Amino acid sequence: MEIPLIGKSKDIEKIRELIKHVSGSSLNVVITGESGVGKEVVAQNLYYKSKRNNKPFIKINCAALPEGLLESELFGYEQGAFTGAHRKKRGKFELANKGVLFLDEICDMSLVLQAKLLHVLQSGEFSRLGSEIDIKSDVWVIAATNQDLEQSVKQGIFREDLYYRLNIIRITIPPLRKRPEDISVLINYYLKQYASRFDNKKFAKPNLDLLKKLNYYHWPGNVRELQNFLKKGMVIGNWEELVDELASCNKTEDNSILPYSARNIVENLSFLEEKNGADLSSFSLKKIKKKALEKIEREVISYVLGKTGWNRSKATKILKISYKTLLTKISDLDIKK
Ligand SMILES: Nc1ncnc2c1ncn2[C@@H]1O[C@H](COP(=O)(O)OP(=O)(O)OP(=O)(O)O)[C@@H](O)[C@H]1O
Ligand SMILES: [Mg+2]
């Protein structure tokens, strides 16, 4: 069943456009992105939108099988090709003929198999293990990985020639935290889906305003984590507790550190909009600005200290501040190990 590619971010819109163009072409595609971002969804969308959609879509996970088994799964074998080959078996390249072969976790394929794959891609032919006969194969290969493919090429783990063969069309799916606009649409979509799957009456509906807080969470497990969160909430029903739990473990990380801290601050200031009756005499833009800056500084410095194992001189280099300033900040901002 086709899963629609949900999302209203520019990134997802661009990917949807790209899918439209590419699905008519059978050009090799590589899909990259962190775990749970939707690489398989994109692969399936490419397939369903193509003319190959009345032929098989066959997926194989290159990380899940040892080399020998993966080889025989891909290319098949003749009877007696090796001990245990009691009868001939067709491989995925044969089964996927005229359809799509989705090679998941492509970076985990051994160099020997990479060479064989390259051969099939170049010649459009392969042979079953234990056979000399070439079999023609018209398969659209779509590959995916959550690893850094370019880095793997540099490290010699992934063949450069195969890289150029496969990487004709590249689809990179950004992590969910980089496209927070998609969170609410995904939530709506999956809440509806699960409501019909779980017992509709018992299903504990969340307060949608409460779920807005989830926009500031960093979602390390991406859409899969969001799905699991929603399932859990629906079954257990303690939405508030679950949301608070997530919000409190909103780890800052790498490049996203600043925007996240900043967004959290805006969130903390939301009382400005909500409480009309708030005591306006206590407001001061200066004070709020100071507090916001302190919060950002505290988060960034703690983060860098954590990353450097509290090596202060390394931290000063990263932060580009003097040693003395760092010590003052640690003390003033009450940063603890
Ligand atoms: N844009 C999206 N719209 C709808 N569902 C999505 C979207 N992105 C991801 N999902 C859902 O999230 C789950 C994880 O997606 P998927 O399996 O495609 O991720 P992946 O990138 O292949 O992850 P992994 O690297 O762990 O294999 C699936 O259930 C999928 O249906
Ligand atoms: Mg996957």
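Throughout, read-outs are computed from the coordinates displayed, never taken from laboratory work. Bear in mind the structure is a predicted one, so any value in this text is a computation, not a measurement. Don't worry about glycine lacking a Cβ; one is built from the backbone with ideal geometry, like all the others, and counts go over all protein chains shown.
Annotations
- Residues satisfying the stated conditions in region 122-159, i.e. β-branched (Val, Ile, Thr) and in contact (Cβ under 8 Å) with a residue 12 or more places away in the chain: Ile135, Val139, Val141, Ile142, Thr145, Ile157
- Of the numbered criteria (1) under 23 Å from Ser35 (Cβ atoms); (2) without any contact (Cβ under 8 Å) to a residue 60 or more places away in the chain, the one Ile169 fails is (2).
- Test: residue in region 89-97 that is over 14 Å from Asp138 (Cβ atoms) and hydrophobic (A, V, I, L, M, F, W, C): no
- Look at (1) in contact with a strand residue (DSSP E or B) (Cβ under 8 Å, 6 or more places away or on another chain); (2) touching a residue at least 40 places away in the same chain (Cβ under 8 Å) and you find that His119 fails only one, number (2).
- Restricting region 88-107 to residues that are assigned to a loop (DSSP other than H, G, I, E, B) and either closer than 21 Å to Ile133 by Cα or of a type in the set (Gly, Ala, Ser) (or both), the residue that is farthest from the chain's Cα centre (by Cα) is Lys88.
- Residues satisfying the stated conditions in region 51-85, i.e. basic (Lys, Arg), touching a strand residue (DSSP E or B) at 6+ places or on another chain (Cβ under 9 Å) and free of Cβ contacts under 8 Å to residues at least 60 places away in the same chain: Lys55, Lys59
- Checking each residue in region 123-150 for being closer than 30 Å to Tyr216 by Cα and outside any loop (DSSP other than H, G, I, E, B) picks out Ala144, Thr145, Leu149.
- Residue match in region 136-149 (condition: among the aliphatic types (A, V, I, L, M), farther than 23 Å from Phe82 by Cβ, away from ligand 1 (no atom under 16 Å from the Cβ) and in contact with a Gly (Cβ under 9 Å, 6 or more places away or on another chain)): yes
- Residues of region 171-215 satisfying the condition of being among the small types (Gly, Ala, Ser), part of a helix (DSSP H, G or I) and either under 16 Å from the mean Cα position of the chain (by Cα) or closer than 13 Å to Met234 by Cα (or both): Ala195, Ser196
- All of Phe102, Phe75, Phe82 fail the test of being away from ligand 1 (no atom under 16 Å from the Cβ) and crowded, with 20+ Cβ neighbours inside 10 Å, apart from Phe75.
- Which listed residue, of Leu46, Leu70, is over 22 Å from Ile169 (Cα atoms) and either within 16 Å of ligand 1 (Cβ to nearest atom) or not in a loop (DSSP other than H, G, I, E, B) (or both): Leu70
- Subset of region 17-43 that is of a type in the set (A, V, I, L, M, F, W, C) and in a loop (DSSP other than H, G, I, E, B) - its residue that is farthest from ligand 1 (Cβ to nearest atom): Leu27
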